[in-house]
Amino acid sequence: MSEGTPKGNRKQKEKGGSETRQAFVLAGVVALVAGGIGGAGIYTSVSARAKEQNQQQNQAPATTPSGPLCRAADRAELVPASGALFGVNLDWHAKPLAGYAADLGHKPAVSVSFTGFPYTQQEKVDLQRAVEQIRAHGQMMLLTLEPMNGLASVTPESAAALAADLAEFNDDGVPVIVRFAHEMNGSWYPWSQQPAQYIQAYRTMAEAVHTRAPGSAMMWAPNYGGGYPFAGGQYEAKPGTPDFAALDTDADGVLSMGDDSYAPYYPGDDAVDWVGMSLYHWGADYPWGENEIPEPLKFVDQLTGNYAGANGDDTLLPDFYQVYGEAHGKPVAIPETAALFAPGTIGEAELAIKQAWWSQLFDPATAARFPQLKMINWFEWHKEEVEVKGRVDWTVTNTPAVREAFTTALPDWLHYGPEQSCEPRN
């Protein structure tokens, strides 16, 4: 949501944007300081590793791989037949993926990363380093692409270049789900509230990925619609423009929560493999910052457009799960989720807040009611939040009592990364 909007689950603009990208850039540095994880030299780039192996192949005796050879999975294999993938949006500054996996007791099935698009050569190197960490200590990457120079930067050529890189990552044993230009229904990004241009750019990307990287998939992920149309953002649609007309789905001349906050941006079933919506517990009422227990059924009600509570009445919203998970038949992801705990602030205890939220996520009734819910990723950061004007600890593996309760609560219908890592073919 926009910075001026006091509703709903406010944002991965701060959580998922520049700060997360900065951590992603430093992932390789953290790994090197840690002394290397999971065997020899995994933090060299994919191309550098291949070059080194080619140079040494006539000098070193043959060795037996310690694990199965990597293969590029088909995108259809990324959706579990039952249950959901469990993943993480990790602060790479604070903890390498190996450390998180050790704390969790499992390799996460999904690791969330962010990068600009088109990305720089350095960003490409960072992606390659992340692929190595994920191959060793995870399973697949959820790659959020942010076209900060606008949707015009998404051309057939730039999309094809990305897809070629994705195919290499896939061959190296890491599937990728591309979350392209997320929160396009917000008003705070250069790709916001431009439905026709957004759909064209998304379809350009999807065509390249589907054609050139069969081990990768496309995710469409709008912002939760509470507070739509998020008036006051830099990129909000202006009256009198074609974008405004397209978003005025009830044709009353104004944009409001009475308009469909999702459908005008949907790129089509042939282009979309997954749908996603990040849902956070920020608190019971704005301004955020007080430590408050989540309301019962808050997660379910937001996912289905039935929320009416301390954050406001959002019952005009469409039922996201029914429309896109059931009617469109797409696997549904929660790309990011967590519950706010601000250390040193009044209110409830950390464990009580977080446990109340993950109990909603992991309730057996959630799995039974939402069989199309196929991915849940926890936001594992302790960071400054502008909404709170202070630090928020979103993590569940840093505090021993919270970690023990969380790992104990993980249900048996969640899926994790493989116990044994695959070996690259080159």
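Just so it is clear, none of the values below were taken in a lab; they were calculated from the coordinates. All values reported here derive from a predicted model rather than from experimental measurement. With ideal geometry, Cβ positions are generated from the backbone for all residues, glycine too; neighbour counts draw on all protein chains shown.
Some values worked out for this structure:
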read-out	value
Label-to-label distance, nm, for residues given as ASP313 and ASN398 (7 Å Cα→Cβ offset)	3.9 nm
Förster radius 51 Å - calculated FRET efficiency between THR241 and GLU326, Cβ distance, rounded to 0.05	0.95
Exceeding the 30 Å Cα-Cα cut-off - candidates LYS95/LYS124; LYS238/LYS330; LYS124/LYS298	LYS238/LYS330; LYS124/LYS298
Burial ranking of peptide ranges 220-226, 162-168, 381-387 (average Cβ count within 10 Å, highest at the top)	220-226, 162-168, 381-387
Cross-link reach list, aspartates and glutamates versus LYS389, counting only Cα pairs under 20 Å and skipping chain neighbours closer than eight places	GLU3, GLU14, GLU19, ASP91, ASP285, GLU290, GLU292, GLU348, GLU350, GLU380
FRET efficiency estimate (nearest 0.05) - Cβ-Cβ, ALA196 to ASP285, R0 30 angstrom	0.25
Computed FRET value (nearest 0.05) for SER153 with ARG391, which takes r as the C-beta separation and R₀ as 45 Å	0.85
Net length gained if the chain between LEU351 and ALA231 were fully extended (0.36 nm per residue, minus Cα distance)	39.7 nm
Inter-label distance for GLN420 and SER359, nm, one decimal - labels placed 7 Å from Cα along Cα-to-Cβ	4.0 nm
